[in-house]
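The values are calculated or read from the model by the stated rules, or taken from the named source; none is laboratory data. Here the structure is a predicted model, which is why all the values come from computation and not from measurement. In this analysis, Cβ positions are derived from the backbone assuming ideal geometry, glycine residues included, and neighbour counts consider all displayed protein chains. Areas reflect the complete protein model, heavy atoms only, side chains present, ligands, DNA and RNA absent. Shrake-Rupley method; radii C 1.70, N 1.55, O 1.52, S 1.80 Å.
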There are 4 protein chains.
Amino acid sequence: VTGRVRTALLGAGRIGLMHAGIIADSVSEIELACVADPDPRAREMARPWAKKTSGSWESVIADRSIQAVMICSATPAHEPQVLAAIEAGKQIFCEKPLAGTLAGALRCANAAARAGVILQVGFNRRYDPSFAALAQAIKQGTLGTPLSIRIISRDPEPPPHSYPRGPGGIYFDSSCHDFDMARYLMREEVTAVASFGSALFDARARVEGDLDIVTVALQFSSGAVGSVETCRTSAAGYDQRAEVHGTKGAMRVENPSTLAIESWNAAGRQRPVNPWFFTERYAEAYRDQLRSFARALSGAPPEVTADDGWAAIALAEAAAQAQAEERVVEVAEVIRAAQACLKETRSNEE
Amino acid sequence: VTGRVRTALLGAGRIGLMHAGIIADSVSEIELACVADPDPRAREMARPWAKKTSGSWESVIADRSIQAVMICSATPAHEPQVLAAIEAGKQIFCEKPLAGTLAGALRCANAAARAGVILQVGFNRRYDPSFAALAQAIKQGTLGTPLSIRIISRDPEPPPHSYPRGPGGIYFDSSCHDFDMARYLMREEVTAVASFGSALFDARARVEGDLDIVTVALQFSSGAVGSVETCRTSAAGYDQRAEVHGTKGAMRVENPSTLAIESWNAAGRQRPVNPWFFTERYAEAYRDQLRSFARALSGAPPEVTADDGWAAIALAEAAAQAQAEERVVEVAEVIRAAQACLKETRSNEE
Amino acid sequence: VTGRVRTALLGAGRIGLMHAGIIADSVSEIELACVADPDPRAREMARPWAKKTSGSWESVIADRSIQAVMICSATPAHEPQVLAAIEAGKQIFCEKPLAGTLAGALRCANAAARAGVILQVGFNRRYDPSFAALAQAIKQGTLGTPLSIRIISRDPEPPPHSYPRGPGGIYFDSSCHDFDMARYLMREEVTAVASFGSALFDARARVEGDLDIVTVALQFSSGAVGSVETCRTSAAGYDQRAEVHGTKGAMRVENPSTLAIESWNAAGRQRPVNPWFFTERYAEAYRDQLRSFARALSGAPPEVTADDGWAAIALAEAAAQAQAEERVVEVAEVIRAAQACLKETRSNEE
Amino acid sequence: VTGRVRTALLGAGRIGLMHAGIIADSVSEIELACVADPDPRAREMARPWAKKTSGSWESVIADRSIQAVMICSATPAHEPQVLAAIEAGKQIFCEKPLAGTLAGALRCANAAARAGVILQVGFNRRYDPSFAALAQAIKQGTLGTPLSIRIISRDPEPPPHSYPRGPGGIYFDSSCHDFDMARYLMREEVTAVASFGSALFDARARVEGDLDIVTVALQFSSGAVGSVETCRTSAAGYDQRAEVHGTKGAMRVENPSTLAIESWNAAGRQRPVNPWFFTERYAEAYRDQLRSFARALSGAPPEVTADDGWAAIALAEAAAQAQAEERVVEVAEVIRAAQACLKETRSNEE
C-alpha cells in the first residue's frame, strides 16, 4: 500500500491494543506493520491488528522498513525506547509520561530536537471536543482575562494490583494529564506549586509509598492561580472536569452523560452515571489524537510536542517534591536541577 | 467472501448513502453488491460503497444473486419495490413509511407474511440508547402503570423545496416515527386520535396543502393517554424528546448535548445547541438498526416488523383524517376501511 | 387603622387559612376584619388571623363596614356568594373556579361588570416568577411567532376522600388553571378542543364518575396548537411545567428545585424531589397575587378579571364535553349554549 | 412586652440594616430596642426598625436594660465592642470576622468563655438549606469517608471603593466564610495550608496591598485535602459552590437558579443568571441564623460559637502568611504565635 506509514507498536497492554484497534478502524494513513511485546499472551492478543509480532523491541527498531513507532510500554521503558527510536531516525508517538524522570524527559526532547524527528506525547484529553471548546473559548478571549483554573480528575478505581506505586507516582502517571490540561487551557506556564496528599483508601498505595488523593495549588506566570485534584476512586465513575474563570465569564467542562435520560420518582430526580473509564469517555479523543499524529507524519506541525511532554513532568516532579517536603516549589528550580543532572551525566559519559 | 449477504440498495439519496456508508464501516455481515438509482449523479455518489450500480431497480430485483434489498427510494416507490422484492423471494429492509397508504402497507405486510420473508421497517429511533432505556424501564415496571406519554419532534427546518407536501403529509413522513415510538414505548395500541394542525411558517406547506405544526391526542387501549407534537422548525436544532409518566415515576428522554460544557456570563448560563439533525443525533442508532437487520438475516427474529410498519401508518391516516374532518377518529375504523379497499382491489383483479 | 381595606374571608379551609396568613404577614393594605365559616372548628383555626368570626356568610355580607370579600369556600358556594357580594357593592377576590358552571360564571361576570366592582379570580400561577418570565418573553417576541404550547400539571396525590369528584370534575377544579395558563401565555383564545381521559388509579374517581388523567388538545385562533395534561398523581411531587415553542426559539418552565444540590454515586446522579405541593411551590405567587388584589382595591386595573374566570371555565366545559362525547368541541358552541341558558333563566324569572 | 429579649444593634450599615429588617419581620423573640451608629444618616435609615437610636455604642452597652447586642460594625470595632459587651454581661451576636487578628479573636473567645455569655459569630452560610443538606449527608456517612472538599466563592464585583483592602484582607473578610465552611462540612480541623494569590483586576486591591483572586490548598487532620478559591469578580453573579468527595460518592452545592426556566434558540440553551449577591441568595439563611440566635438566647446551645469564630481567623492568618511568604504554614504555628502574643500583652498589662 503506497503512502501508508509503516508503524510499529511497542507494548501491547490495554492502551496499546486500544491504539491498534483505532488505527485499524479509523486511521487509514497508518499501517500497523508490527507489534512488539515481551509477553507472548500480549502478542497473541495483538495478532488481529498486525501481521507481524515480535518479542524484542530492539529488533523492531533495528528494522529499517519501520518508519514510525508508537510507544505504549510501561513507563520505565519509555526513555530507552524513545532514545533508540530517535537514534534510528524514526518518527515517534509516545504515551504519557514521556519518561519516568524530568531529566529523562529533557534528554528525550533534546535528542528529538537535534534529530528533527516528531515526538508526539499522548495527551489525549486535548482532543476531547468539550475540553477543546474550552481551550478555544479562552484563546478567543470569550472569558476575558483568565483568573483561575480548577481541574478535577478522579479514576473510578485504583489501578490494578500489579501497577507500580512508587513515592509520588500519582503525580507522574495521573496528575500529569491534569498538568498538561492546565498549561494547554491557560496558554501559559505554571511557576510554582504546593501540594497536599494522602493514601486514604488504597492499601497498596500506602504500603508502596504512593498517594491516592492529592490536591495541588498552581501559580501561573500571569498571576492567575489554579488547583488540581487527582484521586484514584470515584463511586459515580470516571470524573474529569475543568473550569476556567475569567473577568468576562466562566466555562466548565462537566462529565458527559451516557444517556440523555432523567428519571423522576419518590427518591428524587436521577440521571445516569458517568462513562465508566477513559476508553468509554475518550473514544473519540483517542481516535482524533492518532489522526493528528498521522497529519504530523505527513508534514503538518505536531500539535503536542516533546516540550509539552517534559513540561508536564516538571510539574509532576515539582508537585511530588512540594508534597514530600511540605513546601512551595518553584518550577524553575526543578528544571534547573534536572538540567544540572543531565550535564553531569554527559560529562561522566565523556 | 463467504457468508456475507449480497444486498442491493434501491435509492441513493441522502438516507440511502448514509446506510451504504454504515454498511461499509460497521456491518461486516452485509455486502453491498449493487446500488440502483435512476439518477446518474446519485449512482456516481454511491460508487465508493458498491462495485456495481444500476439505473433500473427492476433488473436488480431480477438478479438472482442478490439475496436482500434495502429500499431507500422515495415513498411512492416503496410499495411496488417491496412487492416485487417479496415476489422475488428477497429479504427486505424498507425505510419508513412502509407505503404511501394504509392499504398499500397492509398489502405489503400480507405479502411478506405469506412469503415468509423479512420485512423490517426503518424505525431507527428504537435503536437510540436513550429511547431504548426508556422502553426498558417501562417494560420492567420501573414507572409502575403507564398513565401518559408525551412526544415532541421538531425538525430544525422544513424539508427541501423539492420535497412533496401533500395534504396530511407531515403525519405520514414525520409523525409516523412518533406514532411508532408511542406504540413501542407504551407496549399497547392506540385506539383513537384527535388532531389539530396548521401551516404557519412553511409557505410551500400552505400552498400544497400540508401542515407544518400539528398536535395529536392519543387514547390507548388501557385507558392511558398521550400527545404528540410534530413540527418542521426548531431554532435550537433537532428537538426530539419523549416522556412517560406512570404511577411510580416518570422518565424523560431529553435532547443530548453535543458538548459537555456550560458557559456562565452576564447573559446567564449557556449550554450548546442540540445536534443539528437526524444524521448527527442518531448515528449510533442507524448503525445498530442495520446490525439488527444483519442479525435477522442470519436467523434472529426481526425486531421491527411489517406489522409495526402498517400500524404507524394507520395512526398517520387516522390523525390526518381527524385533523381534516375536525373529529375524533377510531383507529379500528381506518383499518377496516383499508381492509375493505384491499378486498375490493383483489375482487377487481380477479 | 386608616386606609386599610376591611375585608372578610368566606371559607376557612386550607386555602382560606393560607390567604389569611399571607395577609397578616405580607399585605398590610388589607385588614382581615372577619372570617365566616359554618364549621366551628374552621372558625377556631382562623382565630389567630381575624378578630371576628361568624358562622353565617350572609350576615357578613350584610355588614356594611366590610368593604371587600375573599371567597374561598367550596365551589358550589362561589356563585351565590359572588352575586350577593356584588349586590352589596363589595369588592371581590374569588378562588377558582369562579363558578361551578359556565352559565354561573357568565352570570357573575355580567353582574360584576354592571355593578362596576372588582371580581379578581385566583389564578395564582400567573404570579409565579418563572411562568411570568415565560409570559414576558412571548409578549416581547423573543420566541418569534408562537407555534405550540405544552402544559403538564400533575398533583402529587388525589384530593382527599371527601373532595367531590363529579363527572368532568378534573377539568373544572384542576385543568382550569392550565386553561388559564394557555390563554395567558399565548395571549389569544382557544377555539376548539378535543380530550381523552380515564380513571386509572383513583378508585373514588372511578366510582363517582370523575377522571384522574386527561390530555386535552387545543386549537388557537391564530392556528397555533397546544396540549394540556392534567393528572392526579406524581411520584416525584408536584409537577407543573409549561413550554412554548415559536419560530425563533422555545422556552420552558421546569419544576424548581427545593435544594441546589447534586449527589453522585454508584446509582447515578441525583437531584432532590420537587416541592411537594402548591403551598410550597407557589408561596411567593400566592403572596404576590394578594398584593395585586390590594393594588386593584386602591385603584389599579385588576390583573386577573371575571372574564378570565369564565373563559377558563368555558374551556373546562368544552373539554369535559369533548371527552364524554368523543368529539371535537368548538369553544364558541359551549359559550352560546351557556348564554342561551342564561337568557332562558332570565325570562323564567321575569 | 414580656419575654422578648431587648437587643441593641451596633452598626447600621448594609448588613446591620438587613438584620434589623429580619428581626422586625421574622424573629418575634427579639426586640430591637436600640440602634447605635456614629453616622447620623445610618441612624436615620435604622429608624423604622428601632424606637431608639444612639451615636455612642459605649452608652448603649452601659444601658442596663439592654440584654443582648448584635455587632455589625466595621471589623476593627468588633474586638473592643465584644469585650465591652462581655464586661457588661450581655449576650452577643457578632458578624464575621470575630476580630481583625487571631490574637484579638482568641481574647474575645476566652473572655466570653470566662463570663459564660453567648458569643455567636455570623457564619450565615451554615443556615443555607443546600449547604446544610451537604453537611447532613457527610455527618450521616452517605458519602463514606470524606477525601476532599472544594469550595468556590466569587463575589459579583469588588467591594465599594471605601472598603479597606489591607494586605491579606481578602482572606479575613471573604475566605473566612469558606474556611468556616471547610471546618463545618468536613467536621475536622485543617492542619496546614498553602496559598497563591494576585491582584489582577481590582486596581484598589493592587494599590493597597490586597489580593482579588486567591487559591488555598488545605490539609486536614485525617489526611483529607481541600481547596478554596476566593475571588472578587464573577460575571454571572454571586458564585458560591462546594463539593465534598468521599469513598461512597460525591455531593455538590451548585448556585441556585433565580427562575426555573430554560430558553432554547440558535445560540444554545440558556438558563438565568445566579442571584446577584448575598442578600438575594442567603435571605432565608440570614433569617434562620437569627432564629438560631434567638433559640440560644432562650437557653439552647449556640450552634456557632466564638471557637468557630477564631478557628476561621486562624486559617485566614495562616493562608495570608502562606501566600506572603510563599511557604506551607502549619495552623498550629499561627495559633501558638497568637497565644504567645496574648500572654505577652497580659504580662505587659500586669
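Quick notes on this structure:
- Residue count for region D:190-237, restricted to those that are open to solvent by 10 Å² or more (accessible area, probe 1.4 Å) and among the basic types (Lys, Arg): 2
- When residues of region A:327-350 are limited to those that are in a loop (DSSP other than H, G, I, E, B) and of a type outside the set (A, V, I, L, M, F, W, C), the one surrounded by the fewest Cβ atoms within 10 Å (Cβ to Cβ): A:GLU350
- Residue, most open to solvent (accessible area, probe 1.4 Å), within region B:1-34, restricted to residues that are of a type outside the set (A, V, I, L, M) and under 23 Å from B:GLU79 (Cβ atoms): B:ARG14
- So C:PRO97, is it under 26 Å from C:SER174 (Cα atoms), in a loop (DSSP other than H, G, I, E, B) and without any contact (Cβ under 8 Å) to a residue 60 or more places away in the chain: no
- Near pairs, Cβ below 6 angstrom, 6+ apart or cross-chain, from region A:152-173 (over 27 Å from D:MET251 (Cα atoms)) to any residue that is part of a helix (DSSP H, G or I) and open to solvent by 40 Å² or more (accessible area, probe 1.4 Å): A:ARG165/A:ARG204; A:ARG165/A:GLU208
- In the set A:ALA296, A:ALA300, A:ALA324, only one residue is out of contact with any Gly (no Cβ under 8 Å at 6 or more places or on another chain) and assigned to a helix (DSSP H, G or I); that residue is A:ALA296.
- Taking the numbered list (1) aliphatic (A, V, I, L, M); (2) under 18 Å from the mean Cα position of the chain (by Cα); (3) at pLDDT 95 or above in turn, C:ILE66 passes all entries but (2).
- Residue within region A:233-242 that is β-branched (Val, Ile, Thr), at pLDDT 95 or above and assigned to a strand (DSSP E or B) present: no
- Subset of region A:244-260 that is touching a Pro at 6+ places or on another chain (Cβ under 7 Å) and among the aliphatic types (A, V, I, L, M) - its residue that is farthest from the other protein chains (Cβ to nearest Cβ): A:VAL244
- Just so you know, in region B:294-318 the residues that are within 16 Å of the chain's Cα centre (by Cα) and within 22 Å of B:SER198 (Cα to Cα) include one that is surrounded by the fewest Cβ atoms within 10 Å (Cβ to Cβ), and it is B:ALA314.
- B:VAL228 being of a type outside the set (Asp, Glu), part of a strand (DSSP E or B) and in contact with a Phe, Trp or Tyr (Cβ under 9 Å, 6 or more places away or on another chain): yes
- Residue tally, condition open to solvent by 10 Å² or more (accessible area, probe 1.4 Å), of a type outside the set (A, V, I, L, M) and within 14 Å of chain B (Cβ to nearest Cβ), over region A:147-180: 1
- Residues within region A:19-44 that are touching a helix residue (DSSP H, G or I) at 6+ places or on another chain (Cβ under 6 Å) and under 24 Å from A:ASP288 (Cα atoms), tallied: 11
- Unmet criterion (only one of (1) open to solvent by 10 Å² or more (accessible area, probe 1.4 Å); (2) facing chain D (nearest Cβ under 7 Å)) for A:TYR184: (2)
- Subset of region C:204-243 that is free of Cβ contacts under 8 Å to residues at least 60 places away in the same chain and among the acidic types (Asp, Glu) - its residue that is nearest to the other protein chains (Cβ to nearest Cβ): C:ASP212
- Of the residues screened, A:TRP276 is one that is farther than 26 Å from A:VAL117 by Cβ and either of a type in the set (Lys, Arg) or touching a Pro at 6+ places or on another chain (Cβ under 7 Å) (or both).
- If you go through region A:76-96 and keep only what is open to solvent by less than 10 Å² (accessible area, probe 1.4 Å) and aliphatic (A, V, I, L, M), you end up with A:VAL82, A:ALA85, A:ILE92.
- Annotation: B:ARG291 fulfils all but one of (1) crowded, with 21+ Cβ neighbours inside 10 Å; (2) part of a helix (DSSP H, G or I); the unmet one is (1).
- Sub-7 Å Cβ pairs linking a first residue in region D:37-55 that is of a type in the set (Lys, Arg) to a second residue that is surrounded by 18 or more Cβ atoms within 10 Å (Cβ to Cβ), at least 6 apart or interchain, are D:ARG43/D:ALA12; D:ARG43/D:VAL35; D:ARG43/D:ASP37; D:ARG43/D:THR53; D:ARG47/D:THR53; D:LYS52/D:ALA33; D:LYS52/D:CYS34, ordered by first then second residue.
- Within region A:261-287, the set of residues being within 14 Å of chain B (Cβ to nearest Cβ), open to solvent by 10 Å² or more (accessible area, probe 1.4 Å) and in contact (Cβ under 8 Å) with a residue 12 or more places away in the chain comprises A:ARG271, A:PRO272, A:VAL273, A:PRO275, A:GLU280, A:ARG281, A:GLU284, A:ARG287.
- Residue check for D:LYS52: among the basic types (Lys, Arg) and either open to solvent by 40 Å² or more (accessible area, probe 1.4 Å) or closer than 18 Å to D:ALA312 by Cα (or both): yes
- Residue match in region D:18-25 (condition: within 23 Å of C:SER26 (Cα to Cα), β-branched (Val, Ile, Thr) and not in a strand (DSSP E or B)): yes
- Only one entry in D:ALA113, D:ALA132 is closer than 29 Å to D:THR7 by Cβ, part of a helix (DSSP H, G or I) and under 18 Å from the mean Cα position of the chain (by Cα), namely D:ALA132.
- Test: residue in region C:153-167 that is touching a strand residue (DSSP E or B) at 6+ places or on another chain (Cβ under 6 Å) and part of a helix (DSSP H, G or I): no
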